[in-house]
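> This structure is in structure tokens; I'll ask about it shortly.
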Amino acid sequence: MSPSTPLLGSQAIHDPRGQSKTVQVNETICLNLSLFKDLLKEYRKLDDAVTMRLNRNNAQFRDRERMGLSGRGSQTQDEACLYFWKELVENWKGRAEIINYCVQVVDKVMDERQQSIQGQEAGLDADRQLRAKLYADEVKV
């Protein structure tokens, strides 16, 4: 199978290549709206595919039950549900942490620029440039 071909079915569940990667969020990502949107899009993928992931999760736990690695019947379904719920909550927490961090970064940069405009005693051209940059950043956000 070529590296660009996505894994399907049970192979996608059991193959470690399908594991998500950790992204280090920094000020650059927070201040670049395109990068920030792309990052959040990755976090939304779990939410967008809830039905498929829930079905795969149930199938995985049924397989574990057949191999004798977990409980029987409703206990297996409860384990599958709990595992999936924890996965969803962790995803939501991670997304919330990123959003809160980026809000703080953008607020800090905007405050610094506001203070720079207010405290600046240089020429009018520099003031206009800062105001234009501040306005452009406000429009982006």
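> Kindly indicate which of Leu134, Leu130, Leu82, Leu124 is of a type in the set (A, V, I, L, M, F, W, C) and either at pLDDT 85 or above or within 30 Å of Arg53 (Cα to Cα) (or both).
When all the criteria are applied, what remains is Leu82.
> Another one. Being among the aliphatic types (A, V, I, L, M) and at pLDDT 75 or above is the filter; apply it to region 50-76 and report the residue that is farthest from Asn91 (Cα to Cα). It would help to see each step written out before you state the result.
Filtering region 50-76 for residues among the aliphatic types (A, V, I, L, M) gives 50, 52, 54, 59, 67, 69.
Restricting the remaining residues to those that are at pLDDT 75 or above gives 50, 52, 54, 59, 67.
Numbers: Val50: 12, Met52: 16, Leu54: 15, Ala59: 21, Met67: 29 Å.
Applying the filter and picking the extreme gives Met67.
> From the list Lys21, Lys45, exactly one residue is open to solvent by 60 Å² or more (accessible area, probe 1.4 Å) and either in a helix (DSSP H, G or I) or at pLDDT below 50 (or both). Which is it? So that I can check it myself, show each step before the final result.
On the way: Lys21 fails: either in a helix (DSSP H, G or I) or at pLDDT below 50 (or both).
The match here is Lys45.
The values are calculated or read from the model by the stated rules, or taken from the named source; none is laboratory data. As the structure is a prediction and not an experimental result, all values here were calculated from the model. Areas reflect the complete protein model, heavy atoms only, side chains present, ligands, DNA and RNA absent. Shrake-Rupley method; radii C 1.70, N 1.55, O 1.52, S 1.80 Å.
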